[in-house]
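Contents: one structure, followed by commentary.
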Amino acid sequence: MRYTNILSEIPDSYFGKTMGKKVEHGPLSLINLAVGIPDADTPQVILDELSRAILKPENQKYLAFQGKEAFKQAIVDFYQRQFDVHLDPEKEVCLLYGTKNGLVALPTCVIEPNDEVLLPDPGYTDYLAGVILAKGQPKPLELTQERHYLPDWDSVDTSNTKLIYLTYPNNPTGSVANTAFFQDTIDRFKGTKTKIVHDFAYQAFGFDQSNPSILQAKGAKDVAVEVFSFSKGYNMSGYRVGFAVGNANIIQNLQKYHTHTQAGMYGALQDACTVALNECDDVLKEQARIFGQRRDLIEDALQQARIPHEPVKGGIFLWLQCPPGFSSDAFITYLLKKLSILAAPGHPFGKRGEGYVRLSFAIDEIQLREALNRLISIKGLYHNHEL
């Protein structure tokens, strides 16, 4: 396979080349903990609206490139209700054809060639592709366990930085941010040339407290945009719908970008997502409750087994340290062959991910308990003197 020069600079997507691929595993039944797709069905009220909307004649034609007024107003109302953040539906809202598309498009809409972009390490794998496609200069924003995977701005040189990616709850570590951190971040970069994009894909999954929006910080819209996903909280990963909100200039650039790459989002999808925002706040609360219970099961089991792990404060993943002597890839192979557990290695999430594996708990409780029992059976790997 021969790629163009610019595509050759982009590493292969780990999940793009592994998702759906047949795997060989040990004698036990396979438990797939590699991919973070919430396991429940789309709420019926959303499905009902989608069914009705498919039959509407207006949804069978081209629509306004920037989206239906009702959908944009639902976004505005949701942010006002959930976060007490006011948005202009025309200037501060941009629909996205999947949040991944928006996150990859953002550098083209913010930076110039050779501008520096800070990417969280560890962090979501596909931010890098957007920076390379925009001909920017990616630089790791190192996040450490000691600081609960929040950046220490005093130790980060941002003098040449034009764009910073943040994501809380963090994928893959399960760490979260609070309003004080967001306010400090906005205060630090307000009035500078640096802009911020906050990936809020796991907004619904806050276990000890609800997750704040970065736009709640005073002055945030001067500096930041936030990207929201329907995939996780509403169990709508196959629909490929999200949106960006915040800084009007970045939003305007995103809107122009989409006029050249898309011809307007399918109207039935917009109608279904409008119902999700307007009528499904209870669904988001239920997601937090269900996944919070799963988090409690995981932490109780691992603590009793004395298996070291990063505390899970939000999101849908466990960031598990490998046993002594194991690389990420070696431990992935061990889990697959010995325990028939499929997980994701840490290194695709950045250099600081080496030595960890990411385990999704977007599975039903029966499978989760079985997976935990299998993990506990190898606790001796973490305590060599017990072997």
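The values are calculated or read from the model by the stated rules, or taken from the named source; none is laboratory data. Treat the numbers as computed from the prediction; the structure is a model and nothing was measured. A quick note on method: Cβ atoms are made from the backbone with ideal geometry, for glycine too, and the neighbour counts reach across all protein chains shown. These accessible areas exclude ligands, DNA and RNA; they are computed on the full protein's heavy atoms, side chains included. Shrake-Rupley method; radii C 1.70, N 1.55, O 1.52, S 1.80 Å.
Quick check: net charge around N59, other residues with Cβ under 13 Å of its Cβ, Lys/Arg +1 and Asp/Glu -1?
+1
For the stretch 291-387, which GluC sites (Glu not before Pro) are in a loop by DSSP, counting at most 16 other Cβ atoms within 10 Å? Mind showing how you got there, number by number?
On the way: sites: E299, E354, E365, E370, E386; in loops: E354.
Of the GluC sites (Glu not before Pro), the ones in loops of the stretch 291-387 whose Cβ has at most 16 other Cβ atoms within 10 Å are E354.
Taking chymotrypsin sites (Phe, Trp or Tyr not before Pro) as exposed when DSSP calls them loop (any state but H, G, I, E, B) and at most 12 other Cβ atoms lie within 10 Å, what is the longest stretch of the chain free of them, the sites themselves excluded? Present the calculation step by step, with values, prior to reporting the outcome.
Working: sites that count: Y3, Y62.
Of all site-free stretches, the longest is 63-387.
Pairing the Cα long axis of helix 365-376 with the longest principal axis of the chain, what angle in degrees results, from 0 to 90 and rounded to the nearest 10?
Compared with the principal axis, the helix lies near 50 degrees.
In a Debye calculation with equal point scatterers on the alpha-carbon sites of the chain and no solvent, what is log10 I(q)/I(0) at q = 0.09 Å⁻¹?
Once normalised to I(0) and log-transformed, intensities are -0.53.
Along the positive direction of the dipole of the chain (beta-carbon charges: Lys, Arg +1; Asp, Glu -1; about the Cα centre), which of T179, P38, A248 reaches farthest?
Towards the positive end, the residue furthest out is P38.
Using the alpha-carbon atoms, what tilt in degrees (0 to 90, nearest 10) does helix 267-279 show relative to the longest principal axis of the chain?
That helix lies at roughly 70 degrees to the long axis.
What is the distance in Å between the Cα centroid of the stretch 284-308 and that of the stretch 24-64?
The two parts, judged by their Cα centres, are 25 Å apart.
Which residue, Y257, N211, G233, has the largest displacement toward the positive end of the dipole of the stretch 199-274 when charges sit on each Cβ (Lys, Arg +1; Asp, Glu -1)?
Y257
In the chain, carbon and sulfur make up what percent of the accessible area (probe 1.4 Å)?
Whole-percent figure for carbon plus sulfur exposure: 50.
Let me know the charge dipole size of the stretch 252-387 about its Cα centre in debye, to the nearest 20, where only the beta-carbon of Lys, Arg (+1) and Asp, Glu (-1) is charged.
Using Cβ point charges on Lys, Arg, Asp and Glu, the stretch 252-387 gives about 560 debye.
Report the antiparallel proportion of the DSSP beta bridges in the chain as a percent, rounded to a multiple of 5. Don't jump to the answer; show the numbers that get you there.
Details: 18 of 38 bridges.
Of those bridges, close to 45 percent are antiparallel.
Using only C-alpha atoms and all pairs of different ones, pull out the Kirkwood radius for the stretch 119-160 in Å with one decimal. Display every interim value, and only then the final one.
Details: mean 1/r = 0.0882 Å⁻¹.
Taking the inverse mean of 1/r over all distinct Cα pairs, the stretch 119-160 comes out at 11.3 Å.
Taking the Cβ-Cβ separation of R81 and R2 as r and a Förster radius of 56 Å, what is the calculated FRET efficiency to the nearest 0.05?
0.65
What is the extension gain from L63 to L297, computed as 0.36 nm multiplied by their sequence separation minus the C-alpha to C-alpha distance, in nm to one decimal?
Contour length minus Cα-Cα distance gives 79.6 nm.
Report the gain in length on full extension from I378 to Q252: 0.36 nm times residue separation, minus Cα-Cα distance, nm rounded to one decimal.
Contour length minus the Cα-Cα distance gives 40.1 nm.
Please report, in debye to the nearest 20, how large the charge dipole of the stretch 276-336 is about its Cα centre when each Lys and Arg carries +1 at its beta carbon and each Asp and Glu carries -1 there.
On the way: 6 positive and 9 negative charges, 46 e Å.
Result for the stretch 276-336 is approximately 220 debye, rounded to the nearest 20.
Where in the stretch 42-134 are there trypsin sites (Lys or Arg not before Pro) that are in a DSSP coil and have at most 10 other Cβ atoms within 10 angstrom of their Cβ?
Qualifying residues, ordered by number: K61.
With every protein chain kept in place and ligands, DNA and RNA left out, what is the accessible area per residue of the stretch 297-378? Probe 1.4 Å, answer in Å².
39
Scan the stretch 39-111 for GluC sites (Glu not before Pro) in coil per DSSP, keeping those whose Cβ has at most 16 other Cβ atoms within 10 Å, and list them by number.
E90
Within a Cβ distance under 13 Å of D199, other residues only, what is the Lys/Arg minus Asp/Glu net charge?
0
Between D41 and D12, what is the FRET efficiency for a Förster distance of 22 Å, r being their Cβ-Cβ separation, to the nearest 0.05?
0.10
Relative to the Cα centre, what is the charge dipole magnitude of the chain, using +1 at the beta carbon of each Lys and Arg, -1 at the beta carbon of each Asp and Glu, and rounding to the nearest 20 debye? Could the numbers behind the result be given before it?
Working: 39 positive and 45 negative charges, 167 e Å.
Charge dipole, the chain, about its Cα centre: 800 debye, nearest 20.
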